[in-house]
2 protein chains.
Amino acid sequence: MAKLVQCIPNFSEGRRVDVVRRIVDSIASEAEVKVVDYSMDVDHNRAVVTFVGPPQDVRRSIFAGTKAAVELIDLNKHKGGHPRVGSVDVIPIVPLQDISMAEAVALSREIGKDIADNLQLPVYFYEQSATMRHRTNLADVRKGGFEALRENGLIDGREPDLGPSKMHPTAGVTVVGARGPLIAFNVNLASNDMKAARAIAKKMRDIRDSGGGLQGVKAIAVYLKSRDIAQVSTNITLPHQASMYEVYSFVEREANAMGIEVLESELIGTIREESLLKAASEAMKLPNLTTKRVLDNWMR
Amino acid sequence: MAKLVQCIPNFSEGRRVDVVRRIVDSIASEAEVKVVDYSMDVDHNRAVVTFVGPPQDVRRSIFAGTKAAVELIDLNKHKGGHPRVGSVDVIPIVPLQDISMAEAVALSREIGKDIADNLQLPVYFYEQSATMRHRTNLADVRKGGFEALRENGLIDGREPDLGPSKMHPTAGVTVVGARGPLIAFNVNLASNDMKAARAIAKKMRDIRDSGGGLQGVKAIAVYLKSRDIAQVSTNITLPHQASMYEVYSFVEREANAMGIEVLESELIGTIREESLLKAASEAMKLPNLTTKRVLDNWMR
């Protein structure tokens with residue numbers, strides 16, 4: 001089997017369709033790379049692109065996409081509901097097939113070096129690629145956002161791993177790293193009650209931190225201005241432990257207890273089949289729902 | 001692509017493991033055939049085998065399995081919670097890949113002829129293969145079960161489509177036909193209240209018949225003696241319309257209204273990926289959950 005990695009860059013642009021299209025086109029310019037999905041969110045003001053390919057093709061592809069985004073997105077003019085530090089906010093690399101995490105880390109270092117050397121963009125490594133313990137967690141690297149970096153400079157422990165010692169004037173900085181698969185999953189409330197959404201997100205973090213469930217689930221509250229609703233935005237970083245359904249049903253139960261309905265949920269990017277099976281299995285108390293049960297897997 | 005059909009024979013034996021193994025081994029003797037799954041249920045006293053393969057391989061395979069079952073299962077000694085008319089109770093053929101329903105019907109006729117000519121087993125054609133309108137629905141063909149056929153004979157409109165005019169002394173009759181995919185899905189109550197299970201199953205049929213939902217869902221109540229619990233046993237025959245989750249949540253809601261919890265649910269055999277996505281989508285109010293979102297589909 002061929003080595004395959006997945007790359008899920010997050011760009012700080014969710015409103016100008018033409019800009020996102022040009023970035024996606026740049027990424028898709030490598031023949032061996034397949035763009036699986038991209039989504040734009042007007043309130044997050046953010047686009048998430050999911051693509052897969054052989055490691056060195058992905059390396060060229062993400063460099064082209066980053067170059068386009070640095071040229072097209074000015075963070076000084078950016079407003080949105082989601083934390084961010086760069087026009088290319090974060091570049092996660094996920095080992096997908098026939099490739100180790102160590103190889104994915106090595107690939108992330110090459111990608112970071114390409115960007116730092118050629119685009120004058122300071123690079124931080126996070127997750128498995130982190131060079132310092134306090135840079136493992138993206139939320140810590142991103143603390144205060146673009147504005148704090150612009151105001152304070154890249155000093156006092158915020159010196160980048162690679163690249164210039166000052167942030168790019170329009171594109172900020174970027175964060176690159178290899179990580180395991182995660183599920184980006186949001187639950188929208190049928191309410192604009194941000195106090196409720198914040199309380200639910202905090203309760204989820206507290207339960208996680210106390211070991212009582214929702215293991216590996218990161219949750220924040222985001223206001224979706226265009227729709228005037230509150231969202232609980234999550235990353236499920238240990239999909240073998242917590243499922244989309246655990247997250248969904250937790251938010252639904254908590255919201256209902258406050259007299260609020262769930263409007264809908266939202267998957268950003270992709271999900272592994274086993275995670276889908278886990279969610280369906282929990283939603284219907286249906287044990288033994290394995291890939292073997294999916295008839296399509298016997299047809300290929 | 002190669003022509004592929006799925007065959008899901010139901011055998012009236014769910015207790016003697018050695019018997020079921022011998023039947024499954026007979027089916028698996030054709031090299032091109034893959035046995036995807038088989039399950040035994042001690043209370044239904046029934047085994048369901050799921051296998052796939054090219055049409056003529058499946059034809060030889062199901063003949064071998066039927067021959068073994070006719071030799072090994074005596075319906076006169078059979079007791080179980082599920083309706084049945086034969087040792088090989090029903091042989092559904094489902095077109096899977098690169099094959100039309102018309103071809104699957106033609107295949108079912110060949111299979112029926114093999115069995116009638118060589119095993120002295122009367123054969124009825126049902127579903128898409130039915131030769132008479134009132135034989136379309138399996139429940140009608142099976143009315144009264146083995147015992148009614150043994151007592152009354154194959155007369156008064158119950159003359160078989162092929163084979164002897166008297167039922168096989170130990171194996172009864174069999175029902176063969178091509179049909180679309182269905183989901184065999186059971187919901188077990190945490191209760192032995194068969195009155196409740198029957199009421200739920202009846203309400204499901206009434207709602208279906210009135211066009212108010214649960215389209216194409218067949219539901220009966222079955223008592224699971226070994227576990228002393230009541231089951232709502234369903235076939236979801238229009239999986240594009242009703243999902244596993246619609247069935248599950250309906251049973252759960254009705255049971256809860258009677259103060260009864262759902263213990264668990266159970267999938268017999270296999271499910272198509274699109275049906276799984278539909279169920280997960282409904283369970284989490286998650287629109288746009290398409291096969292494209294399943295990362296595994298980009299890896300093959």
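When segment B:239-273 is examined, which residues are found to be free of Cβ contacts under 8 Å to residues at least 40 places away in the same chain, more than 8 Å from every other protein chain (Cβ to nearest Cβ) and on the phi < 0 side of the Ramachandran plot?
So in segment B:239-273, the residues free of Cβ contacts under 8 Å to residues at least 40 places away in the same chain come out as B:240-243, B:245-246, B:249, B:253, B:256-257, B:259, B:273.
Still in the list and also more than 8 Å from every other protein chain (Cβ to nearest Cβ): B:240-243, B:246, B:249, B:253, B:256-257, B:259.
Across segment B:239-273, the qualifying residues are B:H240, B:Q241, B:A242, B:S243, B:E246, B:S249, B:R253, B:N256, B:A257.
In segment A:135-145, how many are of a type outside the set (K, R) and free of Cβ contacts under 8 Å to residues at least 12 places away in the same chain? Spell out how you get there, then give the answer.
Keep residues of segment A:135-145 that are of a type outside the set (K, R), which gives A:136-141, A:144-145.
Right, trim to free of Cβ contacts under 8 Å to residues at least 12 places away in the same chain and you get A:136-137, A:140, A:144.
Here the count works out to 4.
Would you check if there is a residue in segment A:48-68 being under 30 Å from A:R198 (Cβ atoms) and modelled with pLDDT under 95?
From segment A:48-68, those under 30 Å from A:R198 (Cβ atoms) are A:48-50; that's our starting set.
Filter once more, keeping what is modelled with pLDDT under 95: none.
Among the residues of segment A:48-68, not one is under 30 Å from A:R198 (Cβ atoms) and modelled with pLDDT under 95, which makes the answer no.
Suppose the filter is in contact (Cβ under 8 Å) with a residue 40 or more places away in the chain, at negative phi and in contact with a strand residue (DSSP E or B) (Cβ under 7 Å, 6 or more places away or on another chain); does B:M204 pass it?
Details: in contact (Cβ under 8 Å) with a residue 40 or more places away in the chain: yes; at negative phi: yes; in contact with a strand residue (DSSP E or B) (Cβ under 7 Å, 6 or more places away or on another chain): yes.
In short, yes.
Please list, ordered by first then second residue, the pairs with beta carbon atoms under 9 Å, 6 or more apart or interchain, first in segment B:99-123 and within 17 Å of B:A171 (Cα to Cα), second small (G, A, S) and exposed (fewer than 15 other Cβ atoms within 10 Å of the Cβ).
If the second residue must be small (G, A, S) and exposed (fewer than 15 other Cβ atoms within 10 Å of the Cβ), the pairs left are B:P122/B:S165.
If I go through segment B:275-300 residue by residue, how many of them are under 25 Å from A:L4 (Cα atoms) and under 22 Å from the mean Cα position of the chain (by Cα)?
1
In this structure, does B:L119 turn out to be closer than 27 Å to B:A255 by Cβ and buried (at least 18 other Cβ atoms within 10 Å of the Cβ)? Write out each step before concluding.
On the way: closer than 27 Å to B:A255 by Cβ: no; buried (at least 18 other Cβ atoms within 10 Å of the Cβ): yes.
No, not satisfied.
For A:F51, only one of the following conditions fails: (1) in contact with a Leu (Cβ under 7 Å, 6 or more places away or on another chain); (2) crowded, with 24+ Cβ neighbours inside 10 Å; (3) within 21 Å of A:V19 (Cα to Cα). What is its number?
Failed condition: (1).
When you scan segment A:204-212, do you find a residue that is under 30 Å from B:E261 (Cα atoms), within 14 Å of chain B (Cβ to nearest Cβ) and surrounded by 19 or more Cβ atoms within 10 Å (Cβ to Cβ), even just one?
no
Based on this model, can you work out whether B:T234 counts as at pLDDT below 95, surrounded by 20 or more Cβ atoms within 10 Å (Cβ to Cβ) and of a type in the set (S, T, N, Q)?
Values: at pLDDT below 95: no; surrounded by 20 or more Cβ atoms within 10 Å (Cβ to Cβ): yes; of a type in the set (S, T, N, Q): yes.
The answer is no for B:T234.
Let me confirm something: among B:A219, B:A283, which residue is surrounded by 24 or more Cβ atoms within 10 Å (Cβ to Cβ), in contact (Cβ under 8 Å) with a residue 12 or more places away in the chain, of a type in the set (G, A, S) and more than 9 Å from chain A (Cβ to nearest Cβ)?
Sole residue among the options that is surrounded by 24 or more Cβ atoms within 10 Å (Cβ to Cβ), in contact (Cβ under 8 Å) with a residue 12 or more places away in the chain, of a type in the set (G, A, S) and more than 9 Å from chain A (Cβ to nearest Cβ): B:A219.
So, in segment A:1-48, how many residues would count as being among the hydroxyl-bearing types (S, T, Y), closer than 21 Å to A:A178 by Cα and surrounded by fewer than 23 Cβ atoms within 10 Å (Cβ to Cβ)? Please lay out each step first, then the result.
First, the residues of segment A:1-48 that are among the hydroxyl-bearing types (S, T, Y): A:12, A:26, A:29, A:38-39.
Then drop every residue that is not closer than 21 Å to A:A178 by Cα, which leaves A:12, A:38.
Those still in the list that are surrounded by fewer than 23 Cβ atoms within 10 Å (Cβ to Cβ) too: A:38.
Going through segment A:1-48 one residue at a time, the tally reaches 1.
Counting residues that are within 14 Å of another protein chain (Cβ to nearest Cβ), more than 22 Å from B:A31 (Cβ to Cβ) and out of contact with any Phe, Trp or Tyr (no Cβ under 7 Å at 6 or more places or on another chain), which strands (runs of 3 or more DSSP E) fully inside segment B:42-138 reach at least 1? Spell out how you get there, then give the answer.
Details: elements: B:46-53, B:88-97, B:123-125.
Output list reads B:88-97.
Within segment B:7-41, restricting attention to residues that are under 16 Å from the mean Cα position of the chain (by Cα) and assigned to a loop (DSSP other than H, G, I, E, B), which residue is farthest from B:G81 (Cα to Cα)?
Looking at residues that are under 16 Å from the mean Cα position of the chain (by Cα) and assigned to a loop (DSSP other than H, G, I, E, B), I get B:I8.
Are there any pairs with C-beta distances below 9 angstrom linking a residue in segment B:146-170 that is in the same structural domain as B:I73 (by TED's automatic domain parsing) to a residue that is basic (K, R) and part of a loop (DSSP other than H, G, I, E, B), with the two at least 6 apart or on different chains, and if so which?
Final answer for the pair search is B:F146/B:R84; B:A148/B:R158; B:L149/B:R158; B:N152/B:R158; B:G153/B:K166; B:L154/B:K166; B:R158/B:K143.
Among the numbered criteria (1) outside any loop (DSSP other than H, G, I, E, B); (2) surrounded by 15 or more Cβ atoms within 10 Å (Cβ to Cβ), which single criterion is violated by B:E151?
The number of the failed condition is (2).
The values are calculated or read from the model by the stated rules, or taken from the named source; none is laboratory data. In this text the structure is predicted, and so the values were computed from the model without any measurement. Here the Cβ is made from the backbone with ideal geometry for all residues, glycine too, and neighbour counts use every protein chain on show.
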